[in-house]
1. For the range A:85-172, what is one quarter of the convex hull surface built on the Cα atoms, given in nm²?
2. For chain B, compute Rg over Rh where Rg is the Cα radius of gyration and Rh is the Kirkwood radius from the inverse mean 1/r over Cα pairs.
3. Quote the FRET efficiency, to the nearest 0.05, computed for residue A:260 versus residue A:314 with a Förster distance R0 of 35 Å and r equal to the Cβ-Cβ distance.
4. Please identify every one of the GluC sites (Glu not before Pro) in the range B:26-129 that sits in a loop by DSSP and has no more than 11 other beta carbons within 10 Å of its own beta carbon.
5. Comparing A:162, A:250, A:326, which has the greatest mean-square fluctuation in the GNM of chain A with Cα pairs linked when under 10 Å apart?
6. Rounded to the nearest 0.05, what FRET efficiency do residue A:297 and residue A:359 give with R0 = 25 Å and r taken as the Cβ-Cβ distance? Could you check?
7. So what is log10(I(q)/I(0)) for the range A:181-334 at q = 0.09, 0.15, 0.17, 0.18 1/Å, when the Debye sum runs over its Cα atoms only?
8. At q = 0.15, 0.19, 0.30 Å⁻¹, what base-10 log of I(q)/I(0) does the Debye formula yield for the range A:325-386 when every alpha carbon is treated as an equal point scatterer in vacuo?
Amino acid sequence: MNIRGKAYIAGAFEHPTRNAVDISLGQIHADVARGALADAGIDKKDVDGYFCAGDSPGLGPLSMAEYLGLNPRHIDTTDTGGSAYLLAVGHAARAIADGKCNVALITLGGRPKASGRLSVGVPASNAPEVEFEVPYKPMLAAMYAMVARRHMHEFGTTSEQLAWVKVAASHHAQHNPHAVLRDVVTVDDVVSSPMVADPLHRLDCCVVSDGGGALVLVNPEIAKSLSRPKIAVRGAGEALGHANGGKVRLTSSAAVHSGAAAFEEAGVRPSDIDYASIYDSFTISVVLALEDLGFCEKGKGGAFVADGNLISGVGKLPFNTDGGGLCNNHPGNRGGMTKIIEAVRQLRGEAHPAVQVADCSLALAHGTGGTLGSRHGCGTVVLERE
Amino acid sequence: MTATPDIGPDAYFQQQLEAGRIQIQKCDSCGAHVFAPRTFCKSCGKDALSWVDISGKGEVYSNTTVRKKPEDGGDYCFALIDLAEGVRMISTVVGTDPHDVRIGMPLRAEIEDHKGAKRIVFRVEEAGR
């Protein structure tokens, strides 16, 4: 079933905190739920669909429904790491189109910073194949570093090209008062920052931050009754990638499939997109995703992001105008929710004026969760202002 | 299941390592080698996996040097290695400065003690050997 015109994002809210010292995880979820419902102008009692992922405390939706006081008739707890919220938008839109619910709430919260649990290991440490990796001291940045090095080897991509992703994000973050990092950086700043795992420097890595976000999706009748701009979910795709029994390829990701599915359902092409939120756990994540989504040819991602091409008002594809995970916020080590929220801001014309894309009517949001180069899940959504 | 020992494949793999043998699985049906250990072939889906010795030959597919302070153990090599058998595994390269490891370097597998167990590591194969 095609979801075009059958579900709308009516509410979006990003928690302002980046360091939730005295705020519980449950409270973050509640704060963002209330924020998104208020943004939409919808009463909590009307929520009949609830979507959350592995970041929510307790046992999936049970604990959160209790805490939030929800009585959903449809629930979904699909978890693909940080991209889960992209998948949730697709699932919520389909559930609404299918009549399973009319008002869907999606929440994310995390406080790795305040809790002192900085995630540098490999997600889902009880995955069946991890025992064969543990003797070699795996860490998240090391996997992405191997992706970057192989990309450089095959296509001649350079550290300076990767650095442009961070430079663009920093140009946007300077206008975001909530961003963790607001200083504009240069290519030289990035490549001269300390090496974490060759060839990735500290400034090639996203921030670790607390916070969260929420979305409210509604059916067309409700969307029409609200005073907010109508943001349609025009297409959604999801796909998994993995080591494939010792045959892993580092230079492409599941975005090849999630992107193709989303574009096909939306009936548009990458060249139609006015603004893109691209998951930026590391600079290489963006380069790989842009290639896999079809914004440029495979292997040309480095050249595509260089020279400010991702900077709003400067380049051809404005991206992550909130500063992204590289500068603004990567709440709970899961950057998917904030990607959708900034896309919604752009489509509503509510991004910061300095980074707002003129006449932004078609946006893409893309997430890469788990670990690129091994177990990962991608979700892509195409959103449209009607 | 053909020629599969009466313990799970994960445990058998480690048991062989402890006994000084590096074995991976090969599908009797389609001929594909399989790693990590499992009970069925990822290529054809059949459960006809046999354990075979590896040639020991490999090369670096990609690698990184994870930067650590000396007091935290120092920099170390983390790598994906292509075995001659056609499977790719996470491992490390020993006997060479991690900063000197390059994609495509020819390697030979060996077994080393690591935290009270055995693990597979790779050493750069010198020309002419």
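1. 10.5 nm²
2. Values: Rg = 15.9 Å, Rh = 15.7 Å.
Rounded to two decimals, Rg over Rh is 1.01.
3. Values: r = 29 Å, r/R0 = 0.82.
Given R0 = 35 Å and the Cβ-Cβ separation, E is 0.75.
4. Details: sites: B:59, B:71, B:85, B:110, B:112, B:125, B:126; in loops: B:85, B:125, B:126.
Passing both the DSSP loop test and the Cβ count: B:126.
5. Comparing A:162, A:250, A:326 in a Gaussian network model of chain A, the most mobile one is A:250.
6. 0.35
7. -0.36, -0.98, -1.22, -1.33
8. Taken in order of the listed q values, log10 I(q)/I(0) reads -0.52, -0.76, -1.26.
Where a number appears in this text, it was derived from the coordinates with a stated rule and is not lab data. Since this is a predicted model, take the numbers as computed values, not measurements. FYI the Cβ positions are ideal-geometry reconstructions off the backbone, even for glycines, and counts take in every protein chain you see.
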